[in-house]
Amino acid sequence: MGTSAEVYDLLLSYFHPEQPLGLTGAEADDWRLKRLYPTQCRVLSVFKAWLVGHRMIEDDPPIARQLQEFLTSVTTPAEIAAAAEEVMDTLKRLVRCCLVK
């Protein structure tokens with residue numbers, strides 16, 4: 001599978017894909033709505049599953065810190081920023097739980 005860092009980097013590459021060359025304005029909009037944004041939502045879902053189900057904070061604290069930095073950088077579009085904020089809320093909640101233990 002790869003190291004945690006490799007998996008993290010791979011997920012980031014899926015979150016930030018290159019737009020196909022030669023698209024018209026309408027085609028680029030269509031690509032963003034039908035390909036980019038759904039993929040970004042899936043990547044954020046994978047990060048959340050990694051946090052909740054696979055103990056990222058306990059097992060990979062450096063990756064959790066990188067994830068926090070990444071999530072704060074997601075500001076547009078509003079739907080993706082909201083999903084990133086939801087993952088950030090989960091991260092913060094889990095950090096608080098780990099500190100209490």
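The values are calculated or read from the model by the stated rules, or taken from the named source; none is laboratory data. No experiment lies behind these values; they were computed from the predicted model shown. No Cβ is skipped: glycine too gets one built from the backbone with ideal geometry, and neighbour counts run over all protein chains shown. Heads up: the accessible areas ignore ligands, DNA and RNA and are worked out on the full protein's heavy atoms, side chains in. Shrake-Rupley method; radii C 1.70, N 1.55, O 1.52, S 1.80 Å.
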- Could you please state how large a percent of the accessible area of the chain is carbon and sulfur, counting protein chains only and using a 1.4 Å probe? 57 percent
- In debye, nearest 20: dipole of the chain around its Cα centre with unit charges on the Cβ of K, R (+) and D, E (-)? 400 debye
- Item | Charge-dipole axis of the chain as Lys and Arg at +1 and Asp and Glu at -1 on Cβ define it, positive-most pick from GLY2, PRO20, TRP31 | GLY2
- For the chain, what is Rg from Cα atoms divided by 2.2 N^0.38 Å, rounded to two decimals? 1.18
